[in-house]
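Peer 1: Supplied in structure tokens, the structure appears directly below.
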Amino acid sequence: MKKLKQSFTGLLLPLHSVATRYLARIGAVCYANAQAACTSFKTELLNGIHALGTTVVRGGTGADVFKGALFLASGSRGAATTVYSVTDEVSGSGYSAGGVTFTWIAPSATGTTAFSTPSGSLAWSTVTLATAFDAVLLYNSTQSNKAVSVHTFGSQTITAGNFTLTMPANDSTFALLRLV
Amino acid sequence: MPEQTDVPLIFTSKGNMPCASLSYHHEWTVTEDVIKFREFYRDAAGEIVKDCAHVYLPKGLQLVSTVGGL
């Protein structure tokens, strides 16, 4: 009897596995838990809701102030950048150290991707930046100038002119920041 | 009243200069990551006296979340 039960179980489990895979393939509902980072968590991260550590204390509900600053092509801004500093930042007529202020489009999610993009172009008018630059650092000036991201765009200079950074479409495929 | 003749001026590294005295140039740079439009003006001596750039970032950064198993 025990051997019969063991062989019966040994037959059922593979059958269950095959059936589950088939049902998943044809799109049928399979009630099963799935390991994942919750999409709402990603959106909430962008909204500053979760504090996994103890370093941030929030008293208000307003969005932080973010800025974008330009950096020389000879600089080394990247993934290891933790905070804004004037080292390697561009300088010249019409350019204010620290860069320009911008706001983010309210974070949202499509599918399992949370995303956001600056609400408008970052623009510097009538500037002269004679030394080649190729990157913009986005940072949180409310939270001790903590770095957000670095975006590169090819080396150039500006002479008595305008420099404009136009943002991508704000969707789950192209947004400037996407948490997948 | 004396007749006034308006001369279109443009701001350059040498101050306001008549547009007619400058030559206008532009160039496009198109890559997978960046689309850049550059427009610049040269004076009669060939020196670039005004240089503007407009950059379009077609796609941003993707941060991939990974959840470990227990």
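Peer 1: When both residues are 6+ apart or on different chains and their Cβ atoms are under 6 Å apart, which pairs have a first residue that lies in the range A:151-180 and is more than 7 Å from chain B (Cβ to nearest Cβ), and a second that is open to solvent by less than 30 Å² (accessible area, probe 1.4 Å) and not hydroxyl-bearing (S, T, Y)?
Peer 2: A:T152/A:A135; A:S172/A:F115
Peer 1: Given the criterion surrounded by fewer than 17 Cβ atoms within 10 Å (Cβ to Cβ) and more than 13 Å from the chain's Cα centre (by Cα), identify the matching residue among A:Q143, A:Q156.
Peer 2: A:Q143
Peer 1: With the condition kept exactly as written, say whether any residue in the range A:97-110 is over 21 Å from A:L45 (Cβ atoms) and either buried (at least 16 other Cβ atoms within 10 Å of the Cβ) or facing chain B (nearest Cβ under 9 Å) (or both).
Peer 2: yes
Peer 1: Could we say that B:Q4 is in a strand (DSSP E or B), modelled with pLDDT under 95 and either closer than 30 Å to A:T39 by Cα or open to solvent by 100 Å² or more (accessible area, probe 1.4 Å) (or both) here?
Peer 2: Details: in a strand (DSSP E or B): no; modelled with pLDDT under 95: yes; either closer than 30 Å to A:T39 by Cα or open to solvent by 100 Å² or more (accessible area, probe 1.4 Å) (or both): yes.
No, not satisfied.
Peer 1: Just one of B:F11, B:F40 is open to solvent by 90 Å² or more (accessible area, probe 1.4 Å) and at pLDDT 95 or above; which is it?
Peer 2: Numbers: B:F40 fails: open to solvent by 90 Å² or more (accessible area, probe 1.4 Å).
Result of the check over B:F11, B:F40: B:F11.
Peer 1: Next question, about the same structure. Between B:V30, B:V34, which is out of contact with any Lys or Arg (no Cβ under 6 Å at 6 or more places or on another chain) and exposed (fewer than 12 other Cβ atoms within 10 Å of the Cβ)?
Peer 2: Residue meeting the stated conditions: B:V30.
Peer 1: Just to be sure, is A:V83 under 30 Å from B:Y41 (Cβ atoms) and away from chain B (no Cβ under 12 Å)?
Peer 2: Considered against the rule, which asks whether it is under 30 Å from B:Y41 (Cβ atoms) and away from chain B (no Cβ under 12 Å), A:V83 comes out as no.
Peer 1: Check whether at least one residue in the range A:122-138 is open to solvent by 40 Å² or more (accessible area, probe 1.4 Å) and free of Cβ contacts under 8 Å to residues at least 24 places away in the same chain, and report yes or no.
Peer 2: No, every residue in the range A:122-138 fails to be open to solvent by 40 Å² or more (accessible area, probe 1.4 Å) and free of Cβ contacts under 8 Å to residues at least 24 places away in the same chain.
Peer 1: Which condition from (1) modelled with pLDDT of 95 or more; (2) farther than 27 Å from A:T43 by Cα; (3) open to solvent by less than 30 Å² (accessible area, probe 1.4 Å) is the one that A:N162 breaks?
Peer 2: Just one mismatch for A:N162, condition (3).
Peer 1: Would you mention how many residues in the range A:102-129 are farther than 30 Å from B:V49 by Cβ and hydroxyl-bearing (S, T, Y)?
Peer 2: Qualifying residue count for the region: 8.
The values are calculated or read from the model by the stated rules, or taken from the named source; none is laboratory data. It should be emphasised that the depicted structure is a prediction, and the values quoted were computed from it without experimental measurement. Ideal geometry is used to build each Cβ from the backbone, glycine not excepted, and the neighbour counts take in all protein chains shown. Ligands, DNA and RNA are stripped out before the accessible areas are found, and what is left, the full protein with its side chains, is counted by its heavy atoms. Shrake-Rupley method; radii C 1.70, N 1.55, O 1.52, S 1.80 Å.
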